[in-house]
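For reference, the structure is listed below as structure tokens.
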Amino acid sequence: MKKILIWLCIVSMLALIPPSGLADRQYFLESDVRRITEKELWEWDRESLSFMFNEIFARHGFTFDVGGKFYNWFNSQPWYINTPKVDDQTAYNRTTNLEWDNYHTIKRVIAQMEASGHPYRKPRGSSLKSWTDYMPPGKWSLSGFSYVSLKGQQNFPVYSAPSASSWRGANGKAQVSTNGAVWAAGWENGWLQVFYETNNGAIRVGYVDGSKIKGGAELYNALSFSFTRARVAAKCALTDDPIKQNTTITTLSSGAAVTYLTTVINQYGQVWDYIETTVNGKTARGYITSGCLDLPTDSVPRSDTGLK
């Protein structure tokens, strides 16, 4: 009996040891338990550092704007999903002195990187580390979206942007049936952003007019996009399916002006920038793969005034 008890204790202890590499994937850097150095930060692209300082506050339940890239990223992390969301000041108050020191180090290096022209997002073929490399494969999904229950026996026209005058897929006939599964991200000017599976097995992301939904939708998130002007850095395809078939809507030429909205991640860890442009003279929204866009620079919005 004694040997059995010893064996059970060993098994229990082994169960508490995380698989190899799991701890490395939980946080970008262990800014909650050790002092990070400027040298190691320079091994990353500049965008990753903005994720790092937001991660400090996310650990304490900081609430991000719905639809923004930080909201999309952190809500895809199990440790954040299980964290009760709190107001900003409460998150700041929970932040330790060590974390504040690391935050200021990150903030200082970001300023140095901006001054030196350090790459904002990791260029293709670069040896830099990037947050885009650290998204492990997950379930069939798109960050920022969740399953929504809608009353059955309804069909809605689907538009690529929140307007009935915007571009519409399937040769202008795109529609979704509530008899099938529908995922939603939130509301924009009375329109619900959704994705669903089409009859040919593809995925379509678009918008439905909320006033047409009988019984409403049990989702109350108001989307908050960047709406920042940007330019296409390399010729790329625009798609409304960043999950399965990546069907091309149109091709964007290098140098084309677009509006950057947010960034999302699919179940394969692929990073997509969500943008707004025009197709055949109509407003259209869709996704282009990471690396195709000269992205707007993230500011460091947190002020030291009134904090630590």
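None of the figures in this text is laboratory data; all of them are computed from the coordinates on show. The shown structure was predicted, so the numbers you read here are calculated from the model rather than taken from an experiment. Methodologically, a virtual Cβ is constructed for each residue, glycine included, from the backbone with ideal geometry; neighbour enumeration extends over all protein chains shown.
Which one, PHE51, ALA115, ASN93, projects farthest toward the positive side of the charge dipole computed for the stretch 30-133 from Cβ point charges (K/R +1, D/E -1)?
Working it through, the farthest residue towards the positive pole turns out to be ALA115.
Using modelled amide H (1.01 Å from N, peptide plane; none on Pro or chain starts), what sits under 5 Å from the amide H of GLY67, excluding residues fewer than 5 places away?
For GLY67, the qualifying residues are ASN72, SER224.
Ignoring GluC sites (Glu not before Pro) that are buried or in helix or strand per DSSP, and keeping those with at most 15 other beta carbon atoms within 10 Å, what is the longest stretch of the chain between them?
Longest site-free region, per DSSP loop and neighbour criteria: 44-217.
What share of Cα pairs, in percent, lie more than 13 angstrom apart in the stretch 146-212?
Everything past 13 Å amounts to 59 percent.
List the trypsin sites (Lys or Arg not before Pro) in the stretch 106-176 that DSSP assigns to loop (not H, G, I, E or B) and whose Cβ has at most 16 other Cβ atoms within 10 Å. Which are they?
Filter output for the stretch 106-176: ARG124, LYS139, LYS151, LYS173.
Net charge near PRO84, counting Lys/Arg +1 and Asp/Glu -1 over other residues with Cβ under 13 Å of its Cβ?
So the surrounding residues net to +2.
Points 7 angstrom from Cα along the Cβ direction at GLN26 and ALA164: gap in nanometres?
Between GLN26 and ALA164, the simple spin-label model gives 5.2 nm.
Do me a favour and compute the ellipsoid semi-axes for the chain from its Cα gyration tensor, root of five times each eigenvalue, largest one first, whole Å.
Values for the chain, descending: 35, 26, 19 Å.
Determine the dipole magnitude for the chain: charges of +1 sit on the beta-carbon of Lys and Arg, -1 on that of Asp and Glu, nothing else is charged, the reference point is the Cα centre, and the result goes in debye to the nearest 20.
580
Let's see if you can work this out: charge +1 on each Lys and Arg Cβ, -1 on each Asp and Glu Cβ, no other charges. What is the dipole magnitude of the stretch 33-86 about its Cα centre, in debye to the nearest 20?
220
Multiplying the sequence separation of LYS107 and TRP42 by 0.36 nm and subtracting their Cα-Cα distance, what value in nm do you get?
22.2 nm
What number of lysine-lysine pairs in the stretch 187-308 show an alpha-carbon separation below 29 angstrom, given a sequence spacing of 8 or more or placement on distinct chains?
Going through the stretch 187-308 pair by pair, I get 6.
Provide Rg over Rh for the stretch 149-292; use the alpha carbon set for both Rg and the Kirkwood Rh (inverse mean inverse pair distance).
Result: Rg/Rh = 0.95.
Quick check: Cα centre of the stretch 220-250 to Cα centre of the stretch 83-108, how many Å?
Value for the Cα centre distance between the two parts: 31 Å.
Can you tell me the length gained on complete extension of the stretch THR297 to LEU128, counting 0.36 nm per residue apart and subtracting the Cα distance?
59.1 nm
Between THR259 and GLU114, take the C-beta separation as r, use R0 = 30 Å, and let me know the FRET efficiency to the nearest 0.05.
Using R0 = 30 Å, I get an efficiency of 0.85.
Name the residue farthest towards the positive end of the dipole of the stretch 30-133 from the options HIS60, SER127, LEU41, assuming +1 on Cβ of Lys and Arg, -1 on Cβ of Asp and Glu, about the Cα centre.
Highest projection toward the positive end goes to SER127.
Short version: what are the Cα gyration tensor semi-axes of the stretch 30-133, square root of 5 times each eigenvalue, largest first, in whole Å?
24, 17, 11
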